[in-house]
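Quick notes on the structure that follows.
The values are calculated or read from the model by the stated rules, or taken from the named source; none is laboratory data. On a predicted model such as this, the values are computed, not experimentally measured, just so you know. Cβ placement follows ideal geometry from the backbone for every residue including glycine, while neighbour counts extend to all protein chains displayed.
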Amino acid sequence: MMHEFKEKVVIVTGGASGIGAHIVKEFLKEGAKYVAFLDIAENVGVKLEDELKTCYGEDKVSFFKCDVTKDEELFGIYEKVQKDFNGIDVIVNNAGIASETAKTFKKTIETNLSATISSTYKAIDLMRVDHGGKGGTVVNISSIAALSLGSPSLFTYTATKMAVLHFSNCVGKEEYYRHTNVRVLTICFGITESVSK
């Protein structure tokens, strides 16, 4: 239930536009204590941050420019939020691209899959109760494409989203959760129009 987000500290990757921006707004509407959102699109992120601070207050939300494929950038933000708020409750791995050329497919894999895995492991490391954390939730955004055989395009995108779903289902199993108290969930959204302003 959404009221469970009251007083929670949340991080959303790919949060400046599209699905990510809606996720950020919903957490704030439902009373999250603080939402940090990350994106490589700085102008869009700063604009959204200004709008949200006007609505919810200066101390409720922050934008961080971040390339999620660079662990040092991503982990530095996680550690800052962890230190500032004495913990993180929810991390949503939403950052993703759907570029499908011979020159860009590796970036799609790095962004959609490698960064999601890296972020998930870092989140678990920070949250896990068996290492001194307080538990928490990781939500990995997959796609309805993970449940089908995409053709005649978006082969790499479909493959990464299928891998995200499988990875999340495995790391989220009870056998692991009972040690960490970190839930790992996956959402497979349908076709969505993402518009950058």
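Side notes on the structure shown:
Quick grid of which residues meet (1) within 15 Å of the chain's Cα centre (by Cα); (2) part of a loop (DSSP other than H, G, I, E, B):
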{"position": "VAL24", "(1), (2)": "yes, no"}
{"position": "PHE37", "(1), (2)": "yes, no"}
{"position": "VAL44", "(1), (2)": "no, no"}
{"position": "ASP50", "(1), (2)": "no, no"}
{"position": "LYS53", "(1), (2)": "no, no"}
{"position": "LEU74", "(1), (2)": "yes, no"}
{"position": "GLU100", "(1), (2)": "no, yes"}
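- Restricting GLU51, GLU4, GLU58, GLU30 to those that are among the charged types (D, E, K, R), farther than 28 Å from SER114 by Cβ and touching a helix residue (DSSP H, G or I) at 6+ places or on another chain (Cβ under 7 Å) reduces the list to GLU30.
- Close Cβ contacts (under 8 Å, 6 or more residues apart or on different chains) running from residues in the stretch 18-36 that are modelled with pLDDT of 95 or more to residues that are buried (at least 21 other Cβ atoms within 10 Å of the Cβ) and among the acidic types (Asp, Glu) comprise GLY20/ASP39.
- Contacts under 7 angstrom Cβ, first residue in the stretch 37-57 being at pLDDT 95 or above, partner of a type in the set (Ser, Thr, Tyr) and not in a helix (DSSP H, G or I), 6 or more apart: LEU38/THR13; ALA41/SER17; ALA41/SER196; VAL44/SER17; VAL44/SER196; GLU49/SER62
- Residue count, the stretch 55-66 (criterion: part of a loop (DSSP other than H, G, I, E, B) and surrounded by fewer than 17 Cβ atoms within 10 Å (Cβ to Cβ)): 4
- Condition check for VAL138: closer than 23 Å to LYS6 by Cα, modelled with pLDDT of 95 or more and surrounded by fewer than 21 Cβ atoms within 10 Å (Cβ to Cβ): no
- Residue match in the stretch 145-155 (condition: of a type in the set (S, T, N, Q), surrounded by 14 or more Cβ atoms within 10 Å (Cβ to Cβ) and either under 16 Å from the mean Cα position of the chain (by Cα) or part of a loop (DSSP other than H, G, I, E, B) (or both)): no
- Restricting attention to the stretch 156-186, the residues being under 18 Å from ILE91 (Cα atoms), polar (S, T, N, Q) and outside any strand (DSSP E or B) number 4.
- Taken together, THR120, THR111, THR69 contain a single residue that is closer than 14 Å to ASP39 by Cα, assigned to a helix (DSSP H, G or I) and of a type in the set (Ser, Thr, Tyr), which is THR111.
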